[in-house]
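Q: Next up is a structure, given as structure tokens.
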Amino acid sequence: MADTGVAESLLRQVEKADDGVDSLQLATSLGVDHQVVVGAVKSLQALGDVISADLRSSKHWELTVEGTEIAEQGSHEARVFSAVLPEGLAQADLMKLSFGKIGFSKAMSNRWIRLDKGHEGGPRIFRAVENIDDQVREKLLLVQSGSTSLDEKEKNELKKRKLLSEVTVKTYWLTKGPSFSTSVTKQETELTPEMISSGSWKDKKFKPYNFEAMGVAPDCGHLHPLMKVRTQFRQIFLEMGFTEMPTNSFIESSFWNFDSLFQPQQHPARDQHDTFFLSDPAQARHFPQEYLERVRRVHSEGGYGSQGYKCEWKLEEAQKNLLRTHTTAVSARMLYKLAQQEKFTPVKYFSIDRVFRNETLDATHLAEFHQIEGLVADYGLTLGDLMGVLHQFFTKLGITKLRFKPAYNPYTEPSMEVFSYHEGLKKWVEVGNSGVFRPEMLLPMGLPEDVSVIAWGLSLERPTMIKYGINNIRELVGHKVNLQMVYDSPVCRLDS
């Protein structure tokens, strides 16, 4: 039956009934599924106040598929009793029957059958009574007929055996509305130029415009959670007066990545197990020669108050190209450029970009990740200045409880690891690393002796994972990223 026909039949039934009609009873009388009637009710409600529909809920008991089978064929235990002939039945043969296992247990409990384990041909089952009363089937037949003679205890026992289920039925009680009519008139949804020119709009009924309805979501791009948090960090640096460093070159020479930072050529970080080296082009050729010579001398011979590493410094090692292992290589380039100015001017730099390490991939490590770095170069900076700037920086992130722990870095002295108290984990967790750049790094660049550079860094992935409740970094970056998560994630707001 078409939807319009169901709606018109519904209206005629409502017109006949003085006090209303039930939608389920109406569906039965019309010979259609109840959901078809519900759909007609919704359509009529959209036309205005044609009908009034009061939603009602009721519960009743229904036989399950297994319960229906038992009502037709008898309970498992009764069927077992029937299967046991007067001369008995081998237990093995009974267990081959579909109802054998359950029926055997129930029939034994009812003492309808007995088991003879000492029989010559193996365990054998015999009837223990002449006749039985299959009450389970009788109770199910009562429920099926609509009888209310069973109490709740009996129904619940049948429910435990998965023979009955309690079903909640939602129906509508339908009555006439203020604008009731037995004819269905489709309301217009759009005013067309033809209606205006012909004047036919005067005789038509228009559907009320729903100003509360949500519009169609526009097609647009969505920022990855990592980029949202990156934007927040960048904004914090800019608010503190920092200038962003250019970090668009992922490939660096070992000279800028390691040697300029006073990191020895024998350091484990230069091993292929920790760093990705390039095969083409394998080497860099162009370096500031005077600066390169000063770096060679401070490594191999010492200088500027340092004894150096007292080992041979090889140019071919410094020329090796690699994927940068930290953005501190960019900081070295910027500080060298700063040192070439005729007059030194204090600066505050920051960068947020990708770095690469030859890491073993797991839930918290990737071979590619982001590093956040900030540095301040000025006259007479001390460890106290570094701690003050760190407090200001992390306070803007919403992190106020800080602790500092002495640490070792090849290019900073003193160095400090930064810890914050995690309220959720109820413990102190590392949130960054920091330090004062060594004179062996700064003075070969040509910076004045009384200029100090304080710096700190942290990852971008860790705070993003904490912010968005992500436990596995591979669900944030890489081929396992759920794009729906990118679409659904709200704009990040760091707690402050």
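Q: Can you tell me how many residues within the stretch 9-39 are in a helix (DSSP H, G or I) and over 18 Å from residue 169 (Cα atoms)?
A: 9
Q: Another question about this same structure. Select, from 98, 105, 82, the only residue that is farther than 20 Å from residue 157 by Cα, assigned to a helix (DSSP H, G or I) and out of contact with any strand residue (DSSP E or B) (no Cβ under 7 Å at 6 or more places or on another chain).
A: None of the other options fit; the residue is 82.
Q: In the stretch 274-289, what residues are of a type in the set (S, T, N, Q), in contact (Cβ under 8 Å) with a residue 24 or more places away in the chain and either open to solvent by 100 Å² or more (accessible area, probe 1.4 Å) or outside any loop (DSSP other than H, G, I, E, B) (or both)?
A: Within the stretch 274-289, 283 is the sole residue that qualifies.
Q: Name the pairs whose Cβ atoms lie under 6 Å apart, with the first residue in the stretch 7-27 and at positive phi, the second open to solvent by 20 Å² or more (accessible area, probe 1.4 Å), and 6 or more positions between them or separate chains?
A: Final answer for the pair search is 20/173; 20/175.
Q: Given the options 58, 52, 105, 43, name the one that is polar (S, T, N, Q), open to solvent by less than 80 Å² (accessible area, probe 1.4 Å), touching a Gly at 6+ places or on another chain (Cβ under 7 Å) and modelled with pLDDT under 90.
A: Only one candidate qualifies: 52.
Q: Quick one: would you say residue 114 is under 16 Å from residue 84 (Cα atoms), touching a Gly at 6+ places or on another chain (Cβ under 8 Å), among the charged types (D, E, K, R) and surrounded by 13 or more Cβ atoms within 10 Å (Cβ to Cβ)?
A: Spelling it out, it is not the case that residue 114 is under 16 Å from residue 84 (Cα atoms), touching a Gly at 6+ places or on another chain (Cβ under 8 Å), among the charged types (D, E, K, R) and surrounded by 13 or more Cβ atoms within 10 Å (Cβ to Cβ).
Q: If you check every pair at least six apart or on different chains, which have Cβ atoms under 8 Å apart with a residue in the stretch 154-169 that is open to solvent by 50 Å² or more (accessible area, probe 1.4 Å) first and a residue that is of a type in the set (S, T, N, Q) second?
A: Close Cβ pairs (under 8 Å, with a partner that is of a type in the set (S, T, N, Q)) amount to 159/165; 162/64; 168/57; 168/58.
Q: Could you list, in sequence order, all residues of the stretch 380-407 that are in a strand (DSSP E or B), open to solvent by 40 Å² or more (accessible area, probe 1.4 Å) and touching a strand residue (DSSP E or B) at 6+ places or on another chain (Cβ under 6 Å)?
A: 403, 404, 405
Q: Could you list, ordered by first residue, the pairs with Cβ atoms under 8 Å in which the first is in the stretch 225-238 and touching a residue at least 24 places away in the same chain (Cβ under 8 Å) and the second is of a type in the set (D, E, K, R) and in a helix (DSSP H, G or I), at least 6 apart or interchain?
A: 225/467; 226/461; 229/467; 236/396
Q: Are there any pairs, at least 6 apart or on different chains, whose C-beta atoms fall under 7 Å, with the first in the stretch 390-414 and over 22 Å from residue 439 (Cβ atoms) and the second charged (D, E, K, R) and modelled with pLDDT under 85, and if so, which?
A: Partner pairs satisfying both residue conditions: 398/495.
Q: Could you tell me which numbered condition residue 77 fails, if it satisfies all but one of (1) within 30 Å of residue 138 (Cα to Cα); (2) open to solvent by 30 Å² or more (accessible area, probe 1.4 Å); (3) assigned to a helix (DSSP H, G or I)?
A: Here residue 77 meets the rest and fails (2).
Q: Please go through the stretch 195-215 and pick out each residue that is open to solvent by 90 Å² or more (accessible area, probe 1.4 Å) and farther than 23 Å from residue 47 by Cα.
A: 197
Q: Sticking with this one: How many of the residues in the stretch 128-139 are closer than 26 Å to residue 67 by Cβ and open to solvent by 70 Å² or more (accessible area, probe 1.4 Å)?
A: 5
Q: Could you check, for the stretch 66-82, whether at least one of its residues is under 30 Å from residue 175 (Cβ atoms) and within 45 Å of the chain's Cα centre (by Cα)?
A: No, that holds for no residue.
Q: Residues that are open to solvent by less than 10 Å² (accessible area, probe 1.4 Å), modelled with pLDDT under 90 and not charged (D, E, K, R): does the stretch 303-324 have at least one?
A: Checked the stretch 303-324: at least one residue is open to solvent by less than 10 Å² (accessible area, probe 1.4 Å), modelled with pLDDT under 90 and not charged (D, E, K, R).
Q: Just to be sure I understand, how many residues within the stretch 184-200 are in contact with a helix residue (DSSP H, G or I) (Cβ under 7 Å, 6 or more places away or on another chain) and touching a residue at least 60 places away in the same chain (Cβ under 8 Å)?
A: 1
Q: Right, something else. Does the stretch 430-438 contain at least one residue that is among the aromatic types (Phe, Trp, Tyr), open to solvent by 30 Å² or more (accessible area, probe 1.4 Å), modelled with pLDDT of 85 or more and within 15 Å of residue 329 (Cα to Cα)?
A: no
Q: So, in the stretch 220-259, of the ones that are polar (S, T, N, Q) and either assigned to a loop (DSSP other than H, G, I, E, B) or in contact with a Pro (Cβ under 6 Å, 6 or more places away or on another chain) (or both), which residue ends up most open to solvent (accessible area, probe 1.4 Å)?
A: Here the answer is 248.
Q: Another one. If only one of 287, 237, 258 is at pLDDT 85 or above and over 43 Å from the mean Cα position of the chain (by Cα), which one is it?
A: Exactly one residue qualifies, and that residue is 287.
The values are calculated or read from the model by the stated rules, or taken from the named source; none is laboratory data. Note that the structure is predicted; figures quoted are calculated from it, not measured. So basically every Cβ, Gly included, is an ideal-geometry build from the backbone, and we count neighbours across all protein chains shown. Surface areas here come from the heavy atoms of the whole protein model, side chains and all, with no ligands, DNA or RNA. Shrake-Rupley method; radii C 1.70, N 1.55, O 1.52, S 1.80 Å.
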